[in-house]
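Each value in this text was obtained by applying a stated rule to the coordinates, not by laboratory testing. What you see is a predicted model, and the numbers here were worked out from it, not measured in a lab. With ideal geometry, Cβ positions are generated from the backbone for all residues, glycine too; neighbour counts draw on all protein chains shown.
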Amino acid sequence: MLSIIQAAGWPIWPLILCSILALAFVAERFIKLKSARVLTPGLVDEAIGVSRTAPPAPHTVNQLAQHSALGQVLAAGWRAINHNPRCSPDEMRAAMEAAGRQVAHQLERYLPALATIASAAPLLGLLGTVIGMIEIFGSQAPAGSLSGGNPAQLAHGISVALYNTAFGLIVAIPALIFWRYFRARVDGYVLELELAAERFARHLEPLCPGAAREAAR
């Protein structure tokens, strides 16, 4: 491996850095995007059961918010009612929507960086290829004859061109595959969060202090 790096020249070092970052991002997203960390089964039913007649105490709300990403969204509805004596159903929904946007942003963490690596790695490989070609032409004799050039420098230029092209694709292809995989997974999570939040919001509407005033109008 060390001999390949030496043959590829200095242009391969940015690609090695990209491969290390991509591997770290993929490992981190696999851990953070586990289903138990985002959507806990039965959490909505449990939250509805706890708040049949009134929102729970702040301690219970904080526990729910720390439970999972879905818990953060559900807890936002409880907090809106507890903190605002005149909270209306629209204000409660707005609080849950804001929490949902924050959770969606957390789920998408590092995905733009992974997409950037997938896009930049082939370009970095192309840069190494161009540098290798420059070395190839620089190895020629002044008269332009390849036979009169430096064979060692010519071979080194070819190595730089080929190794960087290959390594750029080796980094870019897995990064693109994992980015698309995580992107689809996040989109599915966001849809399920929206459906769960809508169900919980319908349950909380009668508990909002402002709901009775709106019904009396």
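Tell me, what is the percent relative contact order of segment 10-216, built from C-alpha pairs under 8 Å that lie six or more residues apart?
Numbers: 235 pairs, mean separation 61.4, N = 207.
Reported relative contact order: 30 percent.
Highest first, please rank the peptides 54-64, 117-127 by the mean number of other Cβ atoms sitting within 10 Å of their residues.
117-127, 54-64
Could you tell me the calculated FRET efficiency between Asp90 and Ile48, based on Cβ-Cβ distance and R0 = 22 angstrom, to the nearest 0.05?
Details: r = 20 Å, r/R0 = 0.92.
In this case the efficiency is close to 0.60.
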**Fill in**
Counted neighbours (other Cβ, 10 Å), sorted fewest up, put Tyr181, Tyr110 in the order Tyr181, Tyr110
**Fill in**
So, with points 7 Å from each Cα along the Cβ direction, the Val130-His83 label distance in nm works out to 5.1
**Asked** Dipole magnitude of segment 10-216 about its Cα centre, charges +1 at Lys/Arg Cβ and -1 at Asp/Glu Cβ only, in debye to the nearest 20?
**Response** 240
